[in-house]
């Protein structure tokens, strides 16, 4: 891989990688760090990656692994992870965006952030990024069954917590 | 698009039986105006739509990454090769230097033995003669003392009842 292919094929995935890292970490600064790390890792390992077919899925997978590592080390440092996440979620929005975003959007954000890790990953990859089930399996290193179960649970949670409650005021 | 069809699709969606195309279809549908009963669901799909537009919010991101990549470049095979050979060369250099210094120390501790002590050859000859005379005097003295041992030999011969001549003959035979 030369610099040109890197710029044309790998660098443009940065926003997808960023969104995924952001979904996992809840901090845009950290997500940005992770994406940078991923891109540099891909570049340094470009010779071994010659046979990788789906470059994007590969990058997503590295993003997932590095993000989870970061999460784990954050927990080890024993800072208060919940508070940090909440605080940063608001901080990443400009005042303009904050007023623009509907209250419901905010609620959905928090709801998905509260989902178990796997469900959150799967619903992000499928419903926001629009990946196929096969690609999700590849990215998350799960089998098809696990992906579908997690997606089903995540969608059901959204349906029950958001759609039904809002619709019927329960 | 009739809402009956959409409702069916939605039900499929909640059961995770929709294809990517069908999900895309739903997204597009909910972008527009929808019946009031579907407001909540529409909100969910609009949320997904909006989330997908989120981007890295730093304009110099690409530049930073490219810069870091370029910094990483020099660490190629050639550099690594020089590095490993350099280590071997440094090791050899240490050994060679150590040997050199040790040899120098040894030379200092044991200076060469052959050295001229006299500049005048005549004086040197005199001194040598004197030294040789001293040694030969010592030799002569030792020789005189050693000849006394002969007396013991003669005594031994007499005791054994043999004549001096005989013993001398014996000595010759031997």
* Any idea which residue in the stretch A:1-28 is farthest from the chain's Cα centre (by Cα), counting only those that are more than 12 Å from every other protein chain (Cβ to nearest Cβ) and surrounded by 14 or more Cβ atoms within 10 Å (Cβ to Cβ)? -> A:9
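Residue by residue, here is whether (1) surrounded by 10 or more Cβ atoms within 10 Å (Cβ to Cβ); (2) over 59 Å from the mean Cα position of the chain (by Cα); (3) modelled with pLDDT of 90 or more holds:
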site	(1), (2), (3)
B:66	yes, no, no
B:69	yes, no, no
B:81	yes, no, no
B:93	yes, no, yes
B:115	no, no, no
B:126	yes, yes, yes
* Which residue out of B:65, B:44, B:106 is in a helix (DSSP H, G or I) and more than 11 Å from chain A (Cβ to nearest Cβ)? -> B:106
* Do we find that residue B:88 is away from every other protein chain (no Cβ under 14 Å), surrounded by fewer than 10 Cβ atoms within 10 Å (Cβ to Cβ) and either at pLDDT 85 or above or touching a helix residue (DSSP H, G or I) at 6+ places or on another chain (Cβ under 9 Å) (or both) in this structure? -> yes
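Have a look at A:162, A:152 and point out the one that is within 24 Å of residue A:67 (Cβ to Cβ) and either in contact with a helix residue (DSSP H, G or I) (Cβ under 9 Å, 6 or more places away or on another chain) or modelled with pLDDT under 95 (or both). Show your work before the answer.
Details: A:162 fails: within 24 Å of residue A:67 (Cβ to Cβ).
Residue meeting the stated conditions: A:152.
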* Structure fact -> Of (1) exposed (fewer than 10 other Cβ atoms within 10 Å of the Cβ); (2) at pLDDT 65 or above, residue B:165 fails just (2)
* To do: Please work out if residue B:19 is closer than 26 Å to residue A:13 by Cα and within 13 Å of another protein chain (Cβ to nearest Cβ).
  => yes
* Go through the stretch B:51-62 and count every residue that is more than 46 Å from the chain's Cα centre (by Cα) and more than 7 Å from chain A (Cβ to nearest Cβ). => 2
* Asked: Counting just the residues of the stretch A:34-66 that are free of Cβ contacts under 8 Å to residues at least 12 places away in the same chain and in a helix (DSSP H, G or I), which one comes out nearest to residue A:128 (Cα to Cα)?
  -> A:65
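Quick check: is even one residue across the stretch B:27-41 within 11 Å of chain A (Cβ to nearest Cβ), within 21 Å of residue A:105 (Cα to Cα) and at pLDDT 90 or above?
Residues of the stretch B:27-41 that are within 11 Å of chain A (Cβ to nearest Cβ), as a first pass: B:27, B:36-41.
From the residues that got through so far, the ones that are within 21 Å of residue A:105 (Cα to Cα) too are B:27, B:36-41.
From what is left, the residues that are at pLDDT 90 or above are B:27.
For the stretch B:27-41, residues within 11 Å of chain A (Cβ to nearest Cβ), within 21 Å of residue A:105 (Cα to Cα) and at pLDDT 90 or above: present.
The values are calculated or read from the model by the stated rules, or taken from the named source; none is laboratory data. All values reported here derive from a predicted model rather than from experimental measurement. Virtual Cβ from ideal backbone geometry, glycine too; neighbours counted across all protein chains shown.
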